[in-house]
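The values are calculated or read from the model by the stated rules, or taken from the named source; none is laboratory data. Note that the structure is a prediction, hence the values are computed from the model and not measured. Every residue, glycine among them, receives a Cβ derived from its backbone with ideal geometry; neighbour counts consider all protein chains shown. Accessible surface is based on the protein model in full, side chains and every heavy atom, while ligands, DNA and RNA are left aside. Shrake-Rupley method; radii C 1.70, N 1.55, O 1.52, S 1.80 Å.
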Amino acid sequence: MTPMPAGFDIFLLLLTCIVSFLAYWFTIESRTVREGFERRRGSESGALWFFVFNKLWGTFWFGIVCTVAALLLFPGSGLADFGFRFPAPGRPARLTLLWTVSLSVPLAAANFFRNRKTGLKGGDFGRYPEIRKMEWSYSDLASDAGFWCLYLLAYELMFRGILFFPLVERLGLWPAIGVNIALYSAVHVPKGAGEAIGALALGFALCLITVSTGSVATAFVVHAALAVSNDLFAFRFRPDMRFRTGSAKSGGIR
């Protein structure tokens, strides 16, 4: 068998991840797909099921397709080689705990105050929360958190694992970080300039933490805390959404 040209495996890896992201993005941004859920299940139930589909579709492309491609392109590698493991005992574990708490708590608090300010000023919450139901139940809260976490585990395995560790080995640390944060910022551009710029800083920090701990654990937990808290606080302060228990309660600033 003719040997693969030098660097061609990295090229194929990058291509696979980019195609996977495009396949995910163009599907979930399709108005036809979203409206199809609403036609079949109604506006409220359809909004929930579209969110579930969104996260499972991303999990498939990022967590399965990209992982299988990486394992095939780098024979002899396992998931642990891409950071999909618990941090080793000792310093890596301590660093993981330290960075996870140090980043997750301030980011969640910032989401609280930012969404509260938006609600008080009658501002635009944008695309959040991603479950576009006007009335939520406890199961909706659990679905929001659970499917976000599943999706982000696959997402961080791709970004801070598959798209990072092989490039560190082949290109060196700083070129690998440069490629990583460039791609990470680029995929956030459709969500607005603020998220794209924020992705540069957060991506840079998560790359350094990941390489120092050898695990994507911190990247996953921090990203999950950021996304879930933003969704739930956006719901909390949106005046057009409310929580449904035994009797309906009004939404808005409360």
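Yes/no per residue for (1) more than 17 Å from the chain's Cα centre (by Cα); (2) modelled with pLDDT under 95; (3) of a type in the set (Ser, Thr, Tyr); (4) open to solvent by less than 10 Å² (accessible area, probe 1.4 Å):
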residue	(1), (2), (3), (4)
113	yes, no, no, no
138	yes, yes, yes, no
150	no, no, no, no
165	yes, no, no, no
170	yes, yes, no, no
- [ ] Would you check which residues across the range 94-125 are without any contact (Cβ under 8 Å) to a residue 24 or more places away in the chain, assigned to a helix (DSSP H, G or I) and small (Gly, Ala, Ser) and list them?
- [x] 102, 109, 110
TODO: Taking only the range 71-93 into account, find how many residues are open to solvent by less than 50 Å² (accessible area, probe 1.4 Å), in contact with a Gly (Cβ under 8 Å, 6 or more places away or on another chain), of a type outside the set (Gly, Ala, Ser) and part of a loop (DSSP other than H, G, I, E, B).
DONE: 1
Task: Scope the range 146-170; condition more than 20 Å from residue 28 (Cβ to Cβ) and free of Cβ contacts under 8 Å to residues at least 40 places away in the same chain; matching residues - done: 169
Open item on the list: Condition first: within 20 Å of residue 164 (Cβ to Cβ) and open to solvent by less than 50 Å² (accessible area, probe 1.4 Å). Can you find one or more residues in the range 228-251 that meet it?
Closed with: no
Open item on the list: Which pairs turn up if I take residues in the range 185-203 that are open to solvent by 60 Å² or more (accessible area, probe 1.4 Å) and look for partners that are of a type in the set (A, V, I, L, M, F, W, C) with beta carbon separation below 6 Å, at least 6 apart in sequence or on another chain?
Closed with: 189/196; 200/181
